[in-house]
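Novice: Input: one structure, supplied below.
The values are calculated or read from the model by the stated rules, or taken from the named source; none is laboratory data. Quick caveat, the model's predicted, so the values are computed rather than measured. Positions of Cβ are generated from backbone atoms using ideal geometry, with glycine treated the same way; all protein chains shown enter the neighbour counts. What goes into the accessible areas is simple: the full protein's heavy atoms, side chains included, and nothing from ligands, DNA or RNA. Shrake-Rupley method; radii C 1.70, N 1.55, O 1.52, S 1.80 Å.
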Amino acid sequence: MQKKILVINTGGTIAMSVDASDGVKPLEDHAVEKILPFLDHHADVTMINHINLPSPHITPAIMNQLRLFIQQELSQHGYDGVVITHGTDTLEETAYFLDLTLPVTVPIVVTGAMRSSNELGADGPVNLISAVRTVADPQSRNKGVLVVFNDEIHAARHVTKTHTSNVATFQSPQYGPIGTISKKSVSYHHAPLVREYYPIASAEANVPLLKAVSGMDPRWLGFLLEQPVDGVVIEAFGLGNLPPAIIPVLQELLDKNVPVVLVSRCFNGQVQDVYAYEGGGRQLKEMGILFSNGLNGQKARLKLMVALQQTRDFQELQQLFEQ
């Protein structure tokens, strides 16, 4: 008996085409449905056009609406799994947000395309077929939200977009894909050890993301003290070090009970409180800055937005970010 799978279209390059001026633009809402006949061999597929937005238009509030829609559809129709088509620019953020906030064990896969539907070598159809095959495979249960691209399966927590145009753009630095897709089978060789779930009502926290650079002027951060920010994430140098000039501003934020989360601007490794000089990780840790366990900046921002609905206690937040 075929698995009953829901495909939710949200837009992106997979639903776009190149026009006469060589501009890539969204197609009509039913563009992805043209792939539907190729999916029938693998599952009983229902396709719904939820929204049709380029991924830079996606916001955490829209991600949360998608979460609610998925929960509603699973509850009402008992699907065996869900595939979401999405633009690639913010795909990793939507995938990770859903991974943190969906209380489900059925497979959830996010996919898309790097080449529009009428380009030579368009990758959307094969990515969608691979995503449906992944969801239909019994091994895909209880692995959290997955990202399927270019015959690889990645965990939402670790995957990131690494190239502006290459079809192999989605990679998981340090960890690699958790599985692969061949012509005949879906194969897993490892799985995420930690699953996190945070029940939330909304996704409206105001959490800016900043990147550390040499010679950083503290005046660049002055707006943080003037605005009602709920938290801040900063991408630090290396192991977790910052220019000493901006430390007073961060201290003022902490004094106002605004949590500050530290990640590295490197795409491998995680921040640690090793260096003891001014602005070094040890000083930052002693100040009360929260150290994240290997997340990149955009994902740490989403996790802080979600975690703040559970607690605003700094110790409890640090424990959550150590997971």
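Novice: Just one of the numbered conditions (1) aromatic (Phe, Trp, Tyr); (2) exposed (fewer than 15 other Cβ atoms within 10 Å of the Cβ); (3) farther than 28 Å from residue 59 by Cβ is not true of residue 223; which one?
Specialist: Residue 223 satisfies every listed condition except (3).
Novice: Just give me the residues in region 95-122 being open to solvent by 10 Å² or more (accessible area, probe 1.4 Å) and under 16 Å from residue 153 (Cβ atoms), in sequence order.
Specialist: Answer for region 95-122, where residues must be open to solvent by 10 Å² or more (accessible area, probe 1.4 Å) and under 16 Å from residue 153 (Cβ atoms): 99, 106.
Novice: Still on this model: Determine which member of the set 261, 271 is surrounded by 23 or more Cβ atoms within 10 Å (Cβ to Cβ) and assigned to a loop (DSSP other than H, G, I, E, B).
Specialist: Only one candidate passes the filter, namely 271.
Novice: Taking the condition at pLDDT below 95 and of a type in the set (A, V, I, L, M), does residue 104 pass?
Specialist: yes
Novice: Within the bounds of region 102-123, is there any residue that is at negative phi and in a helix (DSSP H, G or I)?
Specialist: no
Novice: Across region 133-144, what is the number of residues that are more than 14 Å from residue 79 (Cα to Cα), open to solvent by 40 Å² or more (accessible area, probe 1.4 Å) and part of a loop (DSSP other than H, G, I, E, B)?
Specialist: 1
Novice: Being at pLDDT 95 or above and in a loop (DSSP other than H, G, I, E, B) is true for just one of 254, 210, 295, 250. Which residue is that?
Specialist: On inspection, the qualifying residue turns out to be 295.
Novice: Given the conditions (1) touching a Lys or Arg at 6+ places or on another chain (Cβ under 6 Å); (2) open to solvent by 10 Å² or more (accessible area, probe 1.4 Å); (3) hydrophobic (A, V, I, L, M, F, W, C), report the number of the one that residue 47 does not fulfil.
Specialist: The one condition residue 47 does not meet is (1).
Novice: List every residue pair whose Cβ atoms lie under 6 Å apart, where the two residues are 6 or more positions apart in sequence or sit on different chains, the first residue falls within region 233-249 and is among the polar types (S, T, N, Q), and the second residue, located anywhere, is modelled with pLDDT of 95 or more and assigned to a helix (DSSP H, G or I).
Specialist: Filtered contacts from region 233-249: 241/281.
Novice: I'd like to check something: does region 172-183 contain any residue that is β-branched (Val, Ile, Thr), under 15 Å from residue 195 (Cα atoms) and either outside any helix (DSSP H, G or I) or open to solvent by less than 30 Å² (accessible area, probe 1.4 Å) (or both)?
Specialist: yes
Novice: Being part of a loop (DSSP other than H, G, I, E, B) and crowded, with 17+ Cβ neighbours inside 10 Å is the requirement here; does residue 306 meet it?
Specialist: No, not satisfied.
Yes or no, residue by residue, for (1) out of contact with any Lys or Arg (no Cβ under 6 Å at 6 or more places or on another chain); (2) of a type in the set (D, E, K, R); (3) more than 25 Å from residue 294 (Cβ to Cβ); (4) touching a residue at least 60 places away in the same chain (Cβ under 8 Å):
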| position | (1), (2), (3), (4) |
| --- | --- |
| 161 | yes, yes, no, yes |
| 167 | yes, no, yes, no |
| 182 | yes, no, yes, no |
| 188 | yes, no, no, no |
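Novice: Here's another thing I want to ask about it. Please list, ordered by first then second residue, the pairs with beta carbon atoms under 7 Å, 6 or more apart or interchain, first in region 1-28 and over 22 Å from residue 137 (Cβ atoms), second open to solvent by less than 40 Å² (accessible area, probe 1.4 Å) and modelled with pLDDT under 65.
Specialist: From residues that are over 22 Å from residue 137 (Cβ atoms), the pairs are 15/31.
Novice: Answer with yes or no whether residue 130 is polar (S, T, N, Q) and crowded, with 19+ Cβ neighbours inside 10 Å.
Specialist: Against the criterion (polar (S, T, N, Q) and crowded, with 19+ Cβ neighbours inside 10 Å), residue 130 qualifies.
Novice: In contact with a Leu (Cβ under 9 Å, 6 or more places away or on another chain), open to solvent by less than 10 Å² (accessible area, probe 1.4 Å) and within 21 Å of residue 203 (Cβ to Cβ) - does that describe any residue in region 233-253?
Specialist: Taking every residue of region 233-253 in turn, at least one turns out to be in contact with a Leu (Cβ under 9 Å, 6 or more places away or on another chain), open to solvent by less than 10 Å² (accessible area, probe 1.4 Å) and within 21 Å of residue 203 (Cβ to Cβ).
Novice: Please name all residue pairs, on different chains or six or more residues apart, with Cβ atoms under 6 Å, provided the first residue is in region 218-232 and is more than 13 Å from residue 204 (Cβ to Cβ) and among the aliphatic types (A, V, I, L, M) and the second residue is open to solvent by 80 Å² or more (accessible area, probe 1.4 Å) and modelled with pLDDT of 90 or more.
Specialist: Cβ pairs passing all conditions: 225/252.
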